[in-house]
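Remarks on the structure that follows.
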Amino acid sequence: MTHDPAAHVAKLRDAIHAHVVGQNDAVDELLVALLAGGHVLLEGVPGVAKTLLARTLAGVLGLQFRRAQFTPDLMPADILGTNVFDLNTRQFTLHPGPVFTQVLLADEINRTPPKTQAALLEAMEERQVTVDGVTWPMPRPFLVIATQNPIEYEGTFALPEAQLDRFMLRLRMGYPAPLEEMRILDAQRQVHPLDALEVVTSVDELLAMQAAVRQVYVDPAIADYIVRLVGATRAHPDVYLGASPRGSIALYRAGQALAALLGREYVIPDDIKALAEPALAHRLIIRTAASVRDVDPGAIVRQIVDALPVEQRALAPDGGAPRRA
């Protein structure tokens with residue numbers, strides 16, 4: 001790679017952990033999604049730093065940040081913006097909504113109806129929005145971080161499959177350990193964590209890191225393993241609808257990003273295994289009979305990963321043909 005992401009990511013990780021205590025897995029997986037250019041769904045009960053993590057990431061990157069509070073009365077125009085007639089110019093002018101930013105926090109996304117949730121579909125997939133027939137490109141980079149409470153059902157709307165499929169990773173944030181919670185109390189004794197954010201990398205550096213990640217080598221044997229993993233979700237007896245080809249792409253890109261984050265120029269099977277659950281579980285629709293038995297999509301993915309063998313072929317990170325071990 002001409003641009004080494006690992007050193008820059010190390011600075012980013014340190015800067016984030018200076019303000020967000022604990023949540024190591026969530027921070028690393030969020031950085032994976034950032035490097036891969038994907039969106040993230042954060043799940044966790046209130047108060048575990050979901051919003052803090054999103055704002056800290058935007059702050060240390062120096063990216064424009066906007067927050068949209070998703071409520072039952074929110075309309076698509078509240079997200080995308082609306083055209084307003086200007087009496088001076090005698091023309092309609094777009095008043096952009098919060099989606100026109102580099103990092104959008106869609107807070108409590110499952111509290112708004114599917115009609116409003118769908119306003120994000122074009123922006124998340126095609127990096128553009130259409131308002132009254134006019135298409136507007138999104139800024140680069142563009143990252144949606146959505147949050148939802150996994151245990152609260154009253155007054156919520158399940159995310160449609162098309163919406164879930166556009167999130168590269170679903171991350172779960174739990175309670176901090178006792179010692180971490182004591183550090184949180186001590187750190188916030190006098191100042192709020194967001195009061196002293198410092199930019200540690202530029203937008204150009206971030207875009208260069210994302211371009212470098214695309215050059216990470218993926219052996220055909222690894223690509224075959226990804227396809228077989230995703231295919232196994234479609235054939236599982238407890239799954240009504242398995243992961244789509246978009247899931248395969250997400251796992252492929254995330255694997256490249258994790259390899260780069262760890263300082264490697266090639267992907268290994270352990271990268272794919274580590275990311276299989278956050279990349280695939282939220283894309284599965286469980287059969288009714290299985291949901292009655294409280295079958296968890298994450299458990300299904302873990303079961304598939306444990307049961308599916310990785311074809312034993314030597315990797316060829318130099319780009320040569322794979323060789324059987």
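The P(r) of the stretch 216-325 has a tail past 16 Å containing 57 percent of all C-alpha pairs.
Over every Cα atom in the chain, the radius of gyration and the widest Cα-Cα span, Dmax, amount to 20.6, 73 Å. Say R0 is 41 Å: what FRET efficiency, to the nearest 0.05, do T156 and D224 get from their beta-carbon distance? So, using R0 = 41 Å, E works out to roughly 0.60. Each residue of the stretch 237-249 was assigned a 3J(HN,Hα) from its phi angle through the Karplus expression (A = 6.51, B = -1.76, C = 1.60, θ = phi - 60°), giving x, 8, 10, 7, 9, x, 5, 8, x, 4, x, 4, 5 Hz with x at Gly and Pro.
Subtracting the Cα-Cα distance of L121 and R66 from 0.36 nm times their residue separation leaves 18.0 nm of extension gain.
Only the Cβ atoms of Lys and Arg (+1) and of Asp and Glu (-1) were treated as charged; on that basis the dipole of the stretch 1-150 about its Cα centre amounts to roughly 300 debye.
Here's the picture: charge each Lys and Arg Cβ at +1 and each Asp and Glu Cβ at -1 in the stretch 216-325, and of A254, A243, V310 the one pushed furthest to the positive end of that dipole is A243. Each peptide in 302-309, 116-123 receives the mean, over its residues, of other Cβ atoms within 10 Å, and ordering these scores from highest gives 116-123, 302-309. Show log10 I(q)/I(0) for the stretch 203-250 at q = 0.13, 0.24 Å⁻¹, two decimals, from a solvent-free Debye sum over equal Cα scatterers. Relative scattering, expressed as log10 I(q)/I(0), comes to -0.45, -0.86.
Summing Cβ point charges (Lys, Arg +1; Asp, Glu -1) relative to the Cα centre of the chain gives a dipole of roughly 480 debye. Computed from phi, the 3J(HN,Hα) profile of the stretch 179-188 under the Karplus parametrisation 6.51, -1.76, 1.60 (θ = phi - 60°) reads 5, 5, 5, 5, 5, 4, 4, 5, 5, 9 Hz, with x in place of Gly and Pro. Helical runs (DSSP H, four residues minimum) scored at -39500 (n - 2.57) apiece and divided by the length of the chain put the mean residue ellipticity at 222 nm at -12500 deg cm²/dmol.
Legend: translational diffusion of the stretch 152-244 by Stokes-Einstein, Rh = Kirkwood radius over C-alpha pairs, 4 °C, 1.567 mPa s; D = 68 µm²/s. The reciprocal of the average 1/r between distinct C-alpha atoms defines the Kirkwood hydrodynamic radius, which for the stretch 69-134 equals 12.7 Å.
With θ taken as phi - 60° and the Karplus curve 6.51 cos²θ - 1.76 cosθ + 1.60 applied, the whole-hertz 3J(HN,Hα) list for the stretch 96-113 is x, x, x, 5, 7, 7, 9, 10, 9, 9, 8, 7, 6, 4, 7, 9, 10, x Hz, x standing for glycine and proline.
The ranking of R214, R172 by Cβ neighbour count inside 10 Å, starting from the fewest, reads R214, R172. If the segment from M75 to V199 were pulled out straight at 0.36 nm per residue, it would be longer than the present Cα-Cα gap by 41.3 nm.
Which of V200, V134, V239 moves most in a GNM of the chain, Cα contacts under 10 Å? Maximum among the listed residues: V134.
We did not get these values from a lab; they are worked out from the coordinates using the rules stated. Please read all numbers here as calculations on a predicted model, not as lab measurements. When we count neighbours, we look across all protein chains shown, and the Cβ atoms used for this are built from the backbone with ideal geometry, even at glycine.
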